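Heads up: the structure comes next, in structure tokens.
The values are calculated or read from the model by the stated rules, or taken from the named source; none is laboratory data. Owing to the predicted nature of the structure, the values given are computational and were not obtained by experimental measurement. A quick note on method: Cβ atoms are made from the backbone with ideal geometry, for glycine too, and the neighbour counts reach across all protein chains shown. For the accessible areas, the whole protein counts, side chains as well, though only heavy atoms, and no ligand, DNA or RNA atoms are used. Shrake-Rupley method; radii C 1.70, N 1.55, O 1.52, S 1.80 Å.
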Amino acid sequence: MGLIRAVFDAAFRQGGTRLKPVGPRWPLLLFHVDTGGCGGCGMELEALGAGAYDVQGAGFGFVQSPRAADVLLITGSLTRTMAPVLEAAWQAMPTPKGVICVGNCAIDGGFFPENYTTMGGLDRKVRIDLRIPGCPPTPLQVLEGLCSLFGKRPEGETSADHGAGSSTSS
Amino acid sequence: MDAEAHIRAGAETETPWRYRLDELAWRDLVDGLKQSHLPFVGVWCDGVDVHALFLPHGVQPLAATLALEDGRYPALSPARAVSSLYERMIFDLYGAEAMWATDVRPLVDHEVWSNTTPLAASPGPAGGHKGMIAFQPSDAWAAETVGVMTGIGPATGARETPLHTALVLDGETITRAETLSGYAHRGLTQRWKNSRVDDACRLSGRVVAGCSAAHQVAFCQAVEAACGETIGHEVAQLRVVLLELERCLQHLYTLGGLAREAGALLVSSRCMWFREQILTETAPVIGSRLLMDHCVPGGVNLRAATEIGTLCTRIAELGEEIYPTLVELWQGYAGLAGRMAGVGVVNSAVLEQVGLDGPVARAGGGDCDCRRDLRMYDGLWRFTAGRHDGSVEDRAAVLLDEIGESLRMLTELGPRLGLTAGGRIDLTYPDGEGVGMAEGPWGTILYWVRLQNGRVDQVFMRDPSASALLAYEAALPGQAVADIGLIRASLGVNAAALDG
Ligand code: SF4
């Protein structure tokens, strides 16, 4: 754990500067790692990426290699078994780079706080650029969260006027 | 004596369907199981005893208990292959050793935990391993392997749960495959222990997303059985609505993933779009998208229970509008069926060997569905036979058929439900144990729950994912490495459920 903290802190960008120019020609590329939750946050990310929500249009894309990624997008409580995998993914990413935690598990452990096998969430372990709470957050909440990185809202409806979007499940 | 008689010959316990055996009788049971088809559910440990659960007749449980002797017990894996996963889990958690087990590799403890044998009376020291864990091949693998070794996972960038699949390749063809799991192990057994009943229920909804309703229905029924309570017919039907909705949503999700893997992006987005259409209707009425926490011990917890009848009717209309065109698109889309034909066959011999049920088994000619025996499905469920050659194509076809069947049940439920209020009866929790089950999207989910002092003392959970993992390992040799995503998604292999 100490190792992880050192690695994350050393590489972190300071003071909220933009990761890189963003816009249609510069989509922000996300590498998703499930570090050990129930998979619900991953399912909502899949729903987000599968076309019903315009995540590409909003300037985001999912990539299959950390080497191509701008941002590490983490779901699930961090298990001790996944920690080195996450760290390797982080190290493989080019700089500048950032961390987004989607779901309560990834933020503070949620239903799976620290025990013999999990380290809980990443809060207070690494600097998190964006937290999107929920168990799980809806695709729209995730999209709104992502767009807030650029200081804008997604086009079209927002979760406030979207019945499904305003609910969390617990 | 047959296996069932061996169990019933044991000493009675406080639970009418659980018998205590001595070690010789347990060994006889293992021998008897080799000759019998007695359906096996699983085996678990509580630190003092091991318990093995069977379902001899439909939903009627029958369990055998054996006291650990010097921390050991005779393994069931020589008679039931899937038991090996449970035995490995028991060893990792309690340090209890299964004698004559078919596989003694660790399952979830890879020496990185802060305690080894964390649930034993005196847990062991922290594991000494640093860095990424390594795949440890089975004896068979080590003996036979020639070819190029490679692997996939646990972090592929795809939205799947973390699992490592180690492969040996000959060109593009897989010649051997084994998995390394434990990445998603969150310690559910420990978290359930001594928890409040409502908290335990919420945890059961987070075993594996996409099957949350089924997990929570099974958990709640186990608790209700332990309390000697049966919930009313109307509330049971509301639970059926949750279960069948979940099946529709999860099958559409799986089909969307399969179509994407097969390169049919239009079909994929159509599946996911249909799913979103249903969710737009259901989420405001039920209260969440992934159907978590709506089934609670003693009843249901829905945002607007009185609107469920209308919701079912609305879903039925949506189904009528969209489902037939989706089926047509799926069947007629050039190259889609062909891409999946003959891929990843899981035939009846493999199914029998690994004890897998659910749609995967139904697509391989198996006739198993616990809805047949569950009272809440009286007059609703019916047997339908579909494709049965066991390939990815057949499994996809069965999933598509099952969406149709679930939509039909929801259509029938709509008018019956009317303005049902739902609600929840207050349970008092006496000491005792109970079993509950539900047919989840991937097969039977079963909970055994023991209550003590008004709290949950221990939980054992059976999910099809253990058998699905063995089927996955068995199905891969001979397949093209490019098909691995299709095969995994079509079998319902899920690390979150498996690792616990
Ligand atoms: S935050 Fe909730 S939905 Fe997301 S992975 Fe954790 S338990 Fe599952």
Response to the item:
Most packed first (mean Cβ within 10 Å per residue), the peptides B:130-138, B:288-296, B:35-43 order as B:288-296, B:35-43, B:130-138
Worksheet entry | Per-selection metrics, the protein assembly as shown (Cα): Rg and Dmax in Å | 23.9, 75
Practice prompt. For segment B:42-133, run through the chymotrypsin sites (Phe, Trp or Tyr not before Pro) and keep only the ones in DSSP coil with at most 16 other Cβ atoms within 10 Å of their Cβ.
Written response: B:Trp100
Worksheet item: Counting each DSSP H run of 4 or more residues in the protein assembly as shown as -39500 (n - 2.57), what helix-only mean residue ellipticity at 222 nm follows after dividing by all residues, to the nearest 500 deg cm²/dmol?
Response: -11500 deg cm²/dmol
Practice prompt. Take peptide B:201-212, look around each residue's Cβ out to 10 angstrom, count Cβ atoms belonging to other protein chains, and average those counts.
Written response: 4
Response to the item:
Counting only protein heavy atoms and rolling a 1.4 Å probe, one gets per residue an accessible area for the protein assembly as shown in Å² of 37
Worksheet item: Where the Cα atoms of segment B:188-464 are projected onto their three principal axes, how long is each span, largest first, in whole Å?
Response: 60, 44, 31
Practice prompt. Whenever you get a sec, compute what percent of the accessible area on segment B:331-458 sits on carbon and sulfur atoms (1.4 Å probe).
Written response: 49
Fill in: Globularity ratio of chain B, using Cα Rg and 2.2 N^0.38 Å
0.95
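Would you calculate the volume per residue, in Å³, of the smallest convex hull containing every Cα atom of segment B:3-99? Intermediate values should be presented prior to the final figure.
Working: hull volume 8.5 nm³, N = 97.
Looking at segment B:3-99, the number lands at 88 Å³ per residue.
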Worksheet entry | Cross-link pairs A:Lys97/B:Lys130; B:Lys34/B:Lys130; B:Lys34/B:Lys193 - those with Cα-Cα distance over 31 Å | B:Lys34/B:Lys130; B:Lys34/B:Lys193
Worksheet item: Which whole number gives the average count of other chain Cβ atoms within 10 Å of the Cβ atoms across peptide A:71-77?
Response: 2
Discussion item. Run the paramagnetic zone check for B:Asp373: 7 angstrom along Cα to Cβ, then residues of segment B:462-476 with backbone nitrogen under 20 Å.
Written reply: B:462-468
Worksheet item: Going through segment B:351-412, which trypsin sites (Lys or Arg not before Pro) have at most 15 other Cβ atoms within 10 Å and a DSSP loop state?
Response: B:Arg382
Worksheet entry | Averaged over B:257-270, number of beta-carbon atoms from partner chains that fall within 10 Å | 1
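By the gyration tensor of its Cα atoms, with a ≥ b ≥ c the square roots of the eigenvalues, what is the shape of segment B:217-329: rounded for a/c under 1.5, prolate for a/b over b/c, or oblate?
prolate
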Worksheet entry | the protein assembly as shown: antiparallel DSSP beta bridges as a percent of all, rounded to 5 | 70
Worksheet item: Name the GluC sites (Glu not before Pro) in segment B:124-223 that are in a loop by DSSP and that have at most 10 other C-beta atoms within 10 Å, would you?
Response: B:Glu172
Discussion item. Need one number: buried accessible surface between chains B and A, 1.4 Å probe, both sides summed, DNA, RNA and ligands left out, in Å² to 100.
Written reply: 4000
Worksheet item: To the nearest 10 square angstrom, how much accessible area does B:Ile90 have with a 1.4 angstrom probe?
Response: 10
